[in-house]
Structures are given as C-alpha cells and as structure tokens.
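*Asks:* Mind looking over this structure? Questions follow.
The values are calculated or read from the model by the stated rules, or taken from the named source; none is laboratory data. Worth saying up front: this structure is predicted, and the values here are computed from it rather than measured. Positions of Cβ are generated from backbone atoms using ideal geometry, with glycine treated the same way; all protein chains shown enter the neighbour counts. Keep in mind that these areas ignore ligands, DNA and RNA; they rest on the heavy atoms of the full protein, side chains included. Shrake-Rupley method; radii C 1.70, N 1.55, O 1.52, S 1.80 Å.
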Amino acid sequence: MASNLPLDGITVISLEHAIAAPLATRHLADLGARVIKIERLGTGDFARAYDRRVNGQASHFVWVNRSKESLTLDLKQAEARAVLDRLLEQADVLVQNLAPGAAARMGLSYETLAPRLPKLVVCDISGYGDGGPYTDKKAYDLLIQSESGFLSVTGTADEMAKSGISVADIAAGMYAYSGILAALLQRARTGTGRRVEVAMIDAMAEWMSFPLYYTLNGQSAPPRAGAAHATIYPYGPFKAGDGRVVMLGLQNEREWKVFCDQVLCRPELVDLPRFADNAARTQHRGELRQLIETEFATLTADAVIARLDASDIANAHVNSMADLWQHPQLAARKRWCSVDSPAGPIPALMPPGSDAANAPRMGPVPALGQHTDSILAEFGFDSALLRASGAV
C-alpha cells in the first residue's frame with residue numbers, strides 16, 4: 001500500500017452499497033485510509049450486478065470500490081456481529097447507507113456506539129435524514145432528483161430529463177467525504193468522534209440553490225432549456241455548417257461586444273436594444289440563435305472554434321464517451337493509470353487534486369469476500385469455524 005498519505009493509519013469500516021457511501025469511502029481510500037467493506041454473503045454490494053461492461057464487472061462498482069478490502073458477514077448472526085464489534089474497536093470511522101433505520105436497529109447508531117467507542121466518527125447517509133415525515137421513505141438517485149426539483153429545471157421545454165449520471169448519490173457521497181474529513185480534524189483537537197449525517201435531499205437542495213434563489217418570493221422558475229443555459233445567453237450549443245455542434249458561453253458585455261465584432265463579424269448587433277444586455281438577449285434568444293447559426297453555417301465546427309479561441313471566447317467540443325477516453329488534456333496531464341481487478345487490469349482516472357508529488361493510493365478492485373480470511377485472522381478469529389457456522 002501507499003505510504004505517507006494524509007489518511008495513513010485511519011481505518012474505515014463501511015456497511016455500504018450502490019454509490020453514495022462507496023464513493024465517499026473510495027475517496028478516503030485514495031488518501032490512504034484502510035477501508036474494510038462489509039458485504040452480504042453470496043451477493044455482496046448489489047452494485048456488483050448492475051452491468052457487466054468492464055470485462056464482466058459492473059461499471060459503477062469498479063469506479064467506486066478500488067483500494068478496498070472486502071469482508072463478507074451475515075450480520076444477522078451473533079458470531080458475525082462479534083467480528084464487526086471487534087473491527088469497530090480498532091476503527092476510526094464507520095460509514096453506512098443501509099435502509100432507513102437499519103443501522104440503528106442493529107445497535108450501530110452513534111448514540112449507541114459513542115459511550116463505548118468515544119473516538120469513533122459515525123457517518124450515516126440516507127435519502128431524507130432523521131426527523132420529518134419522509135424519514136422512513138426509500139430513496140434512490142432518480143427519486144431524489146425528482147423530489148429536489150432538479151427535474152423541473154433540467155431537460156427541454158417539452159420534456160424533463162434526468163441527469164445522465166447519479167448526481168444525487170454523488171452529491172451525498174462528496175458531502176459525506178468532506179464531513180468525515182472535518183470530523184477527523186475536529187477529533188485531532190478534541191479527542192472525540194462525532195456523528196456526520198448526510199441526507200441526499202439536503203445535498204441536492206444545496207446544489208439547487210441558484211434556481212431556489214431565482215424563484216424567491218414566488219418568481220417564475222428558470223425554464224428548461226435543453227443544453228443551453230436557462231438564464232444566460234448566448235451560452236449553449238450552436239450548429240456549424242458541417243453539422244457538428246459547438247458549445248460556447250458569454251459571461252459579460254465585454255465578451256458580447258468581442259463576439260459580435262470578431263466572431264459574428266456583425267458589430268452593429270451591439271447597438272440593438274433587444275440585445276443590449278443579458279436579460280434582453282435571453283428574452284430574444286430565438287432570434288439571436290438564428291443569427292448566430294446563420295453565420296456559423298458558413299464554417300466548419302473546427303473553424304468556429306478557431307475563431308472563438310482567437311477572440312478568447314469560451315467554448316468546448318460536444319464530446320462523446322469515446323472522445324473523453326481519448327481527451328488530449330487528460331492524456332497530457334497524465335490523469336490515467338491502471339488498477340488491478342478480479343478480471344485483470346483496468347484503466348482508472350487519478351482522483352482530482354492529486355499529482356505525481358502527492359500520488360494517491362490506486363489499489364485493486366476487490367473480489368467479493370477476497371479479504372475475509374486475512375481480516376479474520378488479523379483480528380483473532382477462526383475463519384474455518386465462522387465459515388462452518390455460516391457467519392462469513
């Protein structure tokens with residue numbers, strides 16, 4: 001394992017599945033923490049079975065579970081619970097995103113554990129958090145996207161659209177990650193652990209703060225605008241003459257003048273009242289879009305981007321996943337490496353914020369129960385007896 005990482009010596013026990021908790025703990029593992037992932041006998045984390053796209057393994061699972069140790073336990077059995085209790089005695093952090101109330105019923109709430117394990121940081125991730133009418137309600141990523149209002153501002157004028165990634169799970173996972181780091185820093189000063197509670201609805205409501213404030217006091221919501229920005233224009237996709245699409249964005253009036261002069265070659269547009277400022281341009285976006293695409297129709301996408309770059313106007317390609325695999329900036333910055341897995345080496349991105357001088361741990365993706373025997377032996381248990389009882 002890597003050495004001299006920020007979380008070397010920190011042990012995390014995680015009762016986790018799907019994305020939110022595994023993403024949080026994988027980031028902790030990147031920083032050097034030892035993460036022991038408790039999985040169900042036989043099936044393990046159900047995200048293992050989402051698909052078979054990565055050499056027979058699930059794409060979600062390999063993404064968020066590298067550098068971990070997999071220990072299978074049947075926590076309904078007393079022998080298995082004894083194993084978990086001993087692990088917790090030597091752990092720094094417990095993370096769980098089980099069904100609402102499940103951890104508390106198992107005696108794994110912070111309130112139950114703190115008297116015995118006062119230094120333990122306990123992170124609970126759930127859909128709706130403690131208290132209130134939704135506490136016991138099941139929650140999955142798309143459902144939280146809907147409940148948080150995200151779908152109301154995402155999509156086209158005619159139809160809402162979900163995010164193409166698990167944005168609610170990712171939001172919750174990243175707040176759990178930062179919350180755990182903060183709790184460990186606080187423990188270094190006080191000597192005492194604490195509870196970190198992260199609700200997916202809280203995380204997504206925070207991320208929805210722009211449209212929330214935009215609608216303050218009953219004002220109208222930002223309209224769904226497809227791939228364009230709902231309230232800044234021109235900021236979005238525009239078709240070039242070769243049929244490809246260019247994404248561009250203007251942020252201020254200085255850039256608007258440069259865009260008219262040097263990109264559209266229509267300096268007179270600056271003086272038109274209906275394009276005088278962002279609010280006016282947003283109101284007349286249909287007409288402005290037609291003017292822009294009329295000029296772009298005479299150019300290839302590459303020529304449009306060259307003109308935008310020369311004018312220092314922000315722009316981007318509309319890339320596919322195939323394009324992202326081959327992105328020249330990721331290659332130039334050496335963001336790709338390889339990690340091992342039960343199906344052999346797979347490519348993996350270096351986590352953001354890392355570099356050659358601060359190399360993260362990039363360990364293997366574990367097979368189900370791969371570390372059960374070694375962990376049991378380390379903590380003084382007889383794996384043969386536990387296997388015979390069906391506890392592991």
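*Asks:* Gaussian network model of the chain, Cα springs within a sub-10 Å range: biggest mean-square fluctuation belongs to which of 194, 26, 274?
*Replies:* 274
*Asks:* Using a Gaussian network model on the chain with a 10 Å cutoff between Cα atoms, which of 357, 24, 240 fluctuates the most?
*Replies:* 357
*Asks:* Please compare each pair in 37/76; 37/119; 138/162; 76/119 to a cut-off of 23 Å on the Cα-Cα distance and tell me which ones are over it.
*Replies:* Too far apart for the 23 Å limit: 76/119.
*Asks:* Next question, about the same structure. Just from the alpha-carbon atoms, what are the Rg and Dmax of segment 1-118 in angstroms?
*Replies:* Cα only, segment 1-118: 14.5, 46 Å (Rg, Dmax).
*Asks:* Applying the Karplus parametrisation 6.51 cos²θ - 1.76 cosθ + 1.60 with θ = phi - 60° to the phi angles of segment 52-60, what ³J(HN,Hα) value in whole Hz is obtained for each residue in order, glycine and proline being reported as x?
*Replies:* For segment 52-60, the Karplus-derived couplings read 10, 7, 10, 6, x, 10, 7, 4, 4 Hz, x marking Gly and Pro.
*Asks:* Just round it to a whole percent: the fraction of Cα-Cα distances in segment 212-353 exceeding 20 Å.
*Replies:* 57 percent
*Asks:* Could you work out how much longer the chain between residue 137 and residue 284 gets when fully extended? Use 0.36 nm per residue separation minus the Cα distance between them, nm to one decimal.
*Replies:* 48.6 nm
*Asks:* Further question: If you place +1 on the Cβ of every Lys and Arg, -1 on the Cβ of every Asp and Glu, and leave all else neutral, what size is the dipole of the chain about its Cα centre, to the nearest 20 Debye?
*Replies:* With only Lys, Arg, Asp and Glu charged at Cβ, the dipole is about 500 debye.
*Asks:* Using +1 on the beta carbon of Lys and Arg, -1 on that of Asp and Glu, and nothing else charged, what's the dipole of segment 187-270 about the Cα centre, debye to 20?
*Replies:* The calculation lands at about 400 debye.
*Asks:* If you project the alpha carbons of the chain onto the principal axes, what extent comes out on each, in Å, largest first?
*Replies:* Computed over the Cα atoms, the extents are 82, 48, 40 Å.
*Asks:* Please list the non-local residues whose amide H lies under 5 Å from the amide H of residue 160, H modeled 1.01 Å from N, same-chain partners needing a gap of 5 or more.
*Replies:* none
*Asks:* Could you work out [θ]222 nm for the chain from helices alone, using -39500 (n - 2.57) per DSSP H run of at least four and dividing by all its residues? Round to the nearest 500 deg cm²/dmol.
*Replies:* -9500 deg cm²/dmol
*Asks:* Continuing with the same structure: Alpha carbon centre of segment 146-205 versus segment 262-316: separation in Å?
*Replies:* With segment 146-205 and segment 262-316 each reduced to a Cα centre, they are spaced 36 Å.
*Asks:* Hey, another quick one. Roll a 1.4 angstrom probe over the protein heavy atoms and tell me the percent of accessible area of the chain that is carbon or sulfur.
*Replies:* Whole-percent figure for carbon plus sulfur exposure: 55.
*Asks:* Now, a different point. For segment 320-371 and segment 88-112, compute the distance between their C-alpha centroids and round to whole Å.
*Replies:* 31 Å
*Asks:* Could you list the GluC sites (Glu not before Pro) in segment 119-206 that lie in coil according to DSSP, counting only those with at most 10 other Cβ atoms within 10 Å of their Cβ?
*Replies:* Counting only loop positions with at most 10 other Cβ atoms within 10 Å, the GluC sites (Glu not before Pro) in segment 119-206 are 159.
*Asks:* Given segment 318-392 reduced to its alpha-carbon atoms as identical point scatterers, what log10 I(q)/I(0) does the Debye formula return at q = 0.12 Å⁻¹?
*Replies:* Those come out to -0.56, one per q.
*Asks:* To the nearest 0.05, how large is the calculated FRET efficiency for residue 215 and residue 89 if R₀ is 45 Å and r is the Cβ-Cβ distance?
*Replies:* That pair, residue 215 with residue 89, gives E of 0.35.
*Asks:* Specify whether the C-alpha gyration tensor of segment 93-163 places it in the rounded, prolate or oblate class, a ≥ b ≥ c being the square roots of the eigenvalues: rounded for a/c under 1.5, otherwise prolate if a/b is larger than b/c and oblate if not.
*Replies:* In terms of gyration-tensor shape, prolate.
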